[in-house]
Amino acid sequence: MPQDPTIHASAVLVGARALLIRGPAGSGKSRLALALIQTGRPLVPFARLIGDDRVHVEAAHGRLLVRPARALAGLIEVHGLGIRRVPYEPLAVAGLVVDLAAADAERLPARESAAAEVCGITLPRLAVAPGVDAYLLVIAALRTAESDQ
């Protein structure tokens with residue numbers, strides 16, 4: 001069975017769709033993934049790890065599928081504890097790309113920066129500036145609607 005492309009990212013299933021968390025080493029991908037899977041109700045309806053550090057991505061029928069890299073399935077790095085085992089989802093459909101330490105992050109983002117293309121699939125994108133609390137921004141994005149202004 002051929003392997004799908006892998007990317008340096010973490011992914012968490014939140015509700016019905018996965019968040020694909022990208023960023024340079026040390027930007028907080030694992031920290032954000034862990035915070036989301038530990039949040040629980042009422043902030044998020046359901047959250048479970050898909051993969052940490054490396055995930056497989058595949059375009060299928062206009063959707064981006066995400067699964068853990070086989071060797072890393074169910075493993076997450078917890079700063080100060082090392083590699084830990086947690087429950088994980090074997091497959092999910094991506095619904096949002098979160099780019100940590102993004103150079104193009106703005107206080108009021110332009111529409112052009114609000115989308116990302118992965119494997120030919122365009123997804124909504126949340127650009128998080130260096131030093132900004134990504135967790136609070138992601139929760140706000142998940143729990144609020146965009147203004148028409």
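A few points about this structure:
- Residue count for the stretch 63-87, restricted to those that are assigned to a strand (DSSP E or B) and either in contact with a Cys (Cβ under 7 Å, 6 or more places away or on another chain) or within 12 Å of residue 10 (Cα to Cα) (or both): 7
- Any hit, the stretch 98-108, residues being in a strand (DSSP E or B) and either of a type in the set (Ser, Thr, Tyr) or under 26 Å from residue 62 (Cβ atoms) (or both): yes
We did not get these values from a lab; they are worked out from the coordinates using the rules stated. Because the structure is a prediction, the values reported are computed rather than measured. Using ideal geometry, Cβ is built from the backbone for each residue, glycine included, and neighbour counts are taken over all protein chains shown.
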